[in-house]
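A.B. asks: One structure, as structure tokens, below. Some questions next.
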Amino acid sequence: MYRCSILEESSCQKEEIAMNTLKTQNLGTSAEAIKHHYDVGNDFYQLWLDSTNTYSGALWEENDANDTLELAQLRKLDFHINQARAKGAKRVLDIGCGWGSTLKRLIEVHDVEQAFGLTLSKAQAEWIASLNLPQAEVKLESWQDHSPVEPYDAIISLEAFEHFTKLELSHKERIAVYRKFFSHCHQWLKPSGWMSLQVSTYGNSRREDSSQFVFTEVLPETDFPTLAEIIEGSERIFEIVAIRNYRQDYEYTLKAWLSRLKANRAAGIELVGKEVVSRFEKYLSLSSICFHQGISNLFCFTLRRIDNPRKDSSC
Ligand SMILES: C[S@@+](CC[C@H](N)C(=O)[O-])C[C@H]1O[C@@H](n2cnc3c(N)ncnc32)[C@H](O)[C@@H]1O
């Protein structure tokens, strides 16, 4: 029977009430702020992302001079699809599906029957609609409002988590949002379901020292979590089976994006103007330094749904 055992079978109800009291509904990036970053223009992103239009850190083959951004992105998608045990599955959800590269890969290479995507970007949803993927269904909807008719076999979410909270939130509010997110994923997954998550986090740095430029001018109403906050958000809801930091891979990805943008600078200026191109160049350059120095990290989590949460009073 499909139901939220974490809430119905354990003593977590108190926590759910607390989460609702905290009004976690609008604590993440607003649709307006998403538009500012993602709806700059699909043509612009196509100039510097790889041909799959994947907008998250790729996984590179170490010491392989022939590796390319596109191969590294496909390797990353396959990694997450395998970690989520999604091959051959009936229904898979991608939370924050971007321009649909994971959905496409799930259907075309991994024999998934139906791939569902959520995004807050209208430009991305329109792009996916143009891909002609009858087995893909995309909703312009926040995970907070999602309510599937049937459970999913697996869930994947690549670098959407950073949009679920913003800088000014208190620790309590932040953890409440993260626990709500993991509780929803738990509720939507079949028993023993798996989830693969990729998230940029603070590394050897503190939130109060984070870049105002990045979190106000480039990605407004966005914030990284710390590793500890993700663990606190998921504990007793999901079992963490594997965690690995791929920060160097993100440095390579950001450098590849930057060099492609620079190579296409004139075309970029034509499409979106000099100010936007310069802002993205500065963002990609600054971010590559942060991942190089360990100021930021890139974590991949393999998570397994806990089907029988303990019914103790400590929740
Ligand atoms: C950095 S992009 C990553 C896209 C994609 N996962 C990829 O790897 O190419 C972040 C994505 O998260 C989506 N997003 C942000 N907040 C969201 C929310 N509350 N619910 C669903 N999607 C959200 C954005 O619309 C965007 O598609």
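The values are calculated or read from the model by the stated rules, or taken from the named source; none is laboratory data. Predicted model, so just to flag it, every value in this text is computed and none were measured. Cβ atoms come from the backbone with ideal geometry, glycine included; neighbour counts cover every protein chain shown. Each accessible area value is taken on the protein alone, full model and side chains, heavy atoms only, with ligands, DNA and RNA left out. Shrake-Rupley method; radii C 1.70, N 1.55, O 1.52, S 1.80 Å.
A.B. asks: Hey, among Ala115, Ala125, which residue is touching a Leu at 6+ places or on another chain (Cβ under 6 Å) and either outside any strand (DSSP E or B) or more than 14 Å from the ligand (Cβ to nearest atom) (or both)?
C.D. replies: Exactly one residue qualifies, and that residue is Ala125.
A.B. asks: If you check Gln73 against the conditions, is it closer than 21 Å to Asn245 by Cβ, within 9 Å of the ligand (Cβ to nearest atom), among the polar types (S, T, N, Q) and in a helix (DSSP H, G or I)?
C.D. replies: yes
A.B. asks: Would you confirm, using the coordinates I've provided, whether Gln46 is under 28 Å from Asn245 (Cα atoms), surrounded by 20 or more Cβ atoms within 10 Å (Cβ to Cβ), within 16 Å of the ligand (Cβ to nearest atom) and at pLDDT 95 or above?
C.D. replies: no
A.B. asks: Could you check, for the stretch 217-231, whether at least one of its residues is under 17 Å from the mean Cα position of the chain (by Cα), open to solvent by less than 20 Å² (accessible area, probe 1.4 Å), closer than 24 Å to Gln83 by Cα and of a type outside the set (Asp, Glu)?
C.D. replies: Looking for residues that are under 17 Å from the mean Cα position of the chain (by Cα), open to solvent by less than 20 Å² (accessible area, probe 1.4 Å), closer than 24 Å to Gln83 by Cα and of a type outside the set (Asp, Glu), one finds at least one in the stretch 217-231, hence yes.
A.B. asks: Which members of the stretch 259-284 meet the condition of being free of Cβ contacts under 8 Å to residues at least 60 places away in the same chain, of a type outside the set (Asp, Glu) and surrounded by 14 or more Cβ atoms within 10 Å (Cβ to Cβ)?
C.D. replies: Lys262, Arg265, Ile269, Val277, Leu284
A.B. asks: Could you please find all residues in the stretch 192-216 being buried (at least 18 other Cβ atoms within 10 Å of the Cβ) and part of a helix (DSSP H, G or I)?
C.D. replies: Val214, Phe215
A.B. asks: Test Met1 against the criterion of being of a type outside the set (D, E, K, R), assigned to a loop (DSSP other than H, G, I, E, B) and either modelled with pLDDT under 55 or open to solvent by 10 Å² or more (accessible area, probe 1.4 Å) (or both), and give yes or no.
C.D. replies: Details: of a type outside the set (D, E, K, R): yes; assigned to a loop (DSSP other than H, G, I, E, B): yes; either modelled with pLDDT under 55 or open to solvent by 10 Å² or more (accessible area, probe 1.4 Å) (or both): yes.
Criteria met by Met1.
A.B. asks: Looking at the stretch 183-195, is at least one residue basic (Lys, Arg), over 20 Å from Arg105 (Cβ atoms) and touching a helix residue (DSSP H, G or I) at 6+ places or on another chain (Cβ under 6 Å)?
C.D. replies: Checking the stretch 183-195: not a single residue is basic (Lys, Arg), over 20 Å from Arg105 (Cβ atoms) and touching a helix residue (DSSP H, G or I) at 6+ places or on another chain (Cβ under 6 Å).
A.B. asks: Continuing with the same structure: Going through Glu229, Glu239, Glu235 one at a time, which residue ends up being more than 16 Å from the ligand (Cβ to nearest atom) and free of Cβ contacts under 8 Å to residues at least 12 places away in the same chain?
C.D. replies: Going through Glu229, Glu239, Glu235 in turn, the sole match is Glu235.
A.B. asks: Please work out which residue is farthest from the ligand (Cβ to nearest atom), limiting yourself to the stretch 91-112 and to residues that are part of a loop (DSSP other than H, G, I, E, B) and surrounded by fewer than 23 Cβ atoms within 10 Å (Cβ to Cβ).
C.D. replies: Just the residues of the stretch 91-112 that are part of a loop (DSSP other than H, G, I, E, B), to begin with: 96-100, 109-112.
Now restrict to residues that are surrounded by fewer than 23 Cβ atoms within 10 Å (Cβ to Cβ): 109-111.
Details: Val109: 16, His110: 16, Asp111: 21 Å.
Among residues in the stretch 91-112 that are part of a loop (DSSP other than H, G, I, E, B) and surrounded by fewer than 23 Cβ atoms within 10 Å (Cβ to Cβ), the one farthest from the ligand (Cβ to nearest atom) is Asp111.
A.B. asks: I'd like the full set of residues that are more than 14 Å from the ligand (Cβ to nearest atom), in contact with a helix residue (DSSP H, G or I) (Cβ under 8 Å, 6 or more places away or on another chain) and open to solvent by 10 Å² or more (accessible area, probe 1.4 Å), limited to the stretch 77-88.
C.D. replies: Scanning the stretch 77-88 gives a single hit, Lys87.
A.B. asks: Please specify each residue of the stretch 134-150 satisfying the condition of being away from the ligand (no atom under 15 Å from the Cβ) and open to solvent by less than 90 Å² (accessible area, probe 1.4 Å).
C.D. replies: Gln135, Glu150
A.B. asks: Of the residues in the stretch 156-183, how many are open to solvent by less than 20 Å² (accessible area, probe 1.4 Å) and either among the small types (Gly, Ala, Ser) or free of Cβ contacts under 8 Å to residues at least 12 places away in the same chain (or both)?
C.D. replies: Residues that pass the stated criteria total 4.
A.B. asks: Return yes when Glu251 is over 17 Å from the mean Cα position of the chain (by Cα) and open to solvent by less than 40 Å² (accessible area, probe 1.4 Å) and no when it is not.
C.D. replies: On the way: over 17 Å from the mean Cα position of the chain (by Cα): yes; open to solvent by less than 40 Å² (accessible area, probe 1.4 Å): yes.
For Glu251, the condition - over 17 Å from the mean Cα position of the chain (by Cα) and open to solvent by less than 40 Å² (accessible area, probe 1.4 Å) - is met.
A.B. asks: Kindly provide the set of residues from the stretch 151-166 that are assigned to a loop (DSSP other than H, G, I, E, B) and more than 15 Å from the ligand (Cβ to nearest atom), ordered by number.
C.D. replies: Passing the criteria: only Pro151.
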